[in-house]
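Take a look at the structure set out below.
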Amino acid sequence: MHFAQRLQNVETSAIREIFKLLGTPGIISFAGGFPDAALFDVEGINAASQQALSQHAGQALQYGPTEGYMPLREQIASTLRAQGAAVQAQQLIVTTGSQQALDLLGKTMVSPGDKVLVEGPTFLATIQCFRLYGADVVSVPIDQDGVQVDVLEQQIKEHRPKLIYLIPTFGNPSGAMLTLERRKRILELAAQYKVLVVEDNPYGELYFDAPPPPTLLTLSEQVPGSRDYLAYCGSFSKVVSPGLRLGWMVAPDALLANAAMCKQFSDANSSMLTQVTASEYLASGRLPAALQRVQKVYAERARVMMRHLDECLGDALQYTAPQGGMFIWASLTGAGGGSRDAAAFVKRGVEKGVAAVPGAPFFATHVDHSTFRMSYASVPEDKIIEGVKRLAQAL
Ligand code: PMP
């Protein structure tokens, strides 16, 4: 079979190899990126879906507008306005997961050979998605405070990128949080160099002790001209349920119109059944309490994991201390003459009964082979403690 040439730009992810091993009985997995299913507000979502079918069956079971179910768009816009961003319902479209928003950005913005800047490391599916459209994806280094803005500016000058993709708040896989100063600087760069910045924010609500700085979307009000070069992707996946497959994108009018046109050829509209359900769920007022439960559980799990990493692995490991989100990003330091090869370490971990994800695939360029990702989100505390002990054995 002669497949399209664009497939040559992507390879199946190395991460899948790890996931194949997860069927091993008794394995404790820090490898997944799933939210904890035990925390889904099943009762609330069930009530909302019944409401959707008893009150709005004609719409919920029908095709719908490509841009999304209007009451839901209004609710999303109103939530964003409550965060200080001037967004009207017409300035966003509902997407089938935020993953579809990324795909639509690839479709509408990327021509073969275009440069795209991403954080090193970043969400693997984004790298793959933009590569599928022929992008030459380049990593910009990050630290605990997010992307290094001075290097970012140099890279903008050098590469003249088509777009810059960032996860400013509790990155996947980095767990990092971009500081307020850097957020403002990025918006200035967007306006100055007239380059589209994509803010992907599925984790921003999952903060532990204090809310993160305002989003780029909110801050764009303060930086003249920046909103014209900003797209914002949000998602219900980590705060309500990924099974809804619902996300959204706020973008400048022309970009939004083109994205909606491409969406028409892709899925015509996101599921009306889940959109009406999500809308009823938001209207029920149950989300804030459900979200608080998730925040509390993830915060405690993160603390337990960090405490035991410190105790059991000590200076063999460096990691970002997340202030929210689902991930700890770690690096083998080689202290005491140990190996810094994280792929080999992860493999030994699986032999000892614990799984993590090697970090290399999360880099588009400038790969750091000493890194790996762990998620605490779906693992109960006793399992976290046992899993970290096994990691120490693997070391
Ligand atoms: N962006 C990031 C950074 C993610 O981690 C994920 C999912 N893990 C997505 C987008 C896609 O999420 P969804 O399509 O479920 O909204």
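So is Ala77 in contact with a strand residue (DSSP E or B) (Cβ under 7 Å, 6 or more places away or on another chain) and either within 16 Å of the ligand (Cβ to nearest atom) or free of Cβ contacts under 8 Å to residues at least 40 places away in the same chain (or both) or not?
When the stated conditions are applied, Ala77 passes them.
Given the structure, is Gly314 assigned to a helix (DSSP H, G or I), at positive phi and surrounded by fewer than 20 Cβ atoms within 10 Å (Cβ to Cβ)?
It is true that Gly314 is assigned to a helix (DSSP H, G or I), at positive phi and surrounded by fewer than 20 Cβ atoms within 10 Å (Cβ to Cβ).
Select from the range 202-233 the residues that are assigned to a strand (DSSP E or B) and more than 19 Å from Gln323 (Cβ to Cβ) and write down the one among them that is farthest from the ligand (Cβ to nearest atom).
Leu230
Is it true that Pro213 is under 26 Å from Val240 (Cβ atoms), surrounded by fewer than 24 Cβ atoms within 10 Å (Cβ to Cβ), out of contact with any Pro (no Cβ under 6 Å at 6 or more places or on another chain) and not aromatic (Phe, Trp, Tyr)?
yes
Considering (1) within 16 Å of the ligand (Cβ to nearest atom); (2) part of a helix (DSSP H, G or I), say which one Asn46 fails and leave the rest.
Only one criterion is unmet by Asn46, namely (1).
Quick one: Val304 ticks every box in (1) touching a helix residue (DSSP H, G or I) at 6+ places or on another chain (Cβ under 6 Å); (2) surrounded by fewer than 23 Cβ atoms within 10 Å (Cβ to Cβ); (3) more than 29 Å from Leu178 (Cβ to Cβ) except a single one, so which number is it?
(3)
When you look at Ala31, is it surrounded by 18 or more Cβ atoms within 10 Å (Cβ to Cβ) and of a type in the set (Gly, Ala, Ser), yes or no?
Against the criterion (surrounded by 18 or more Cβ atoms within 10 Å (Cβ to Cβ) and of a type in the set (Gly, Ala, Ser)), Ala31 qualifies.
When you scan the range 236-245, how many residues do you find that are within 9 Å of the ligand (Cβ to nearest atom) and buried (at least 24 other Cβ atoms within 10 Å of the Cβ)?
2
List every residue pair whose Cβ atoms lie under 7 Å apart, where the two residues are 6 or more positions apart in sequence or sit on different chains, the first residue falls within the range 237-250 and is closer than 22 Å to Ala289 by Cβ and in contact (Cβ under 8 Å) with a residue 12 or more places away in the chain, and the second residue, located anywhere, is within 9 Å of the ligand (Cβ to nearest atom) and in a helix (DSSP H, G or I).
Ser237/Gly97; Leu246/Gly97
Tell me yes or no: at least one residue of the range 366-373 is surrounded by 22 or more Cβ atoms within 10 Å (Cβ to Cβ) and not polar (S, T, N, Q).
Yes, some residue in the range 366-373 is surrounded by 22 or more Cβ atoms within 10 Å (Cβ to Cβ) and not polar (S, T, N, Q).
Read-outs throughout are calculated quantities, based only on the coordinates presented, and are distinct from any laboratory measurement. These figures come from a predicted structure and were not determined experimentally. All Cβ positions, glycine included, derive from the backbone under ideal geometry; neighbour counts span all protein chains shown.
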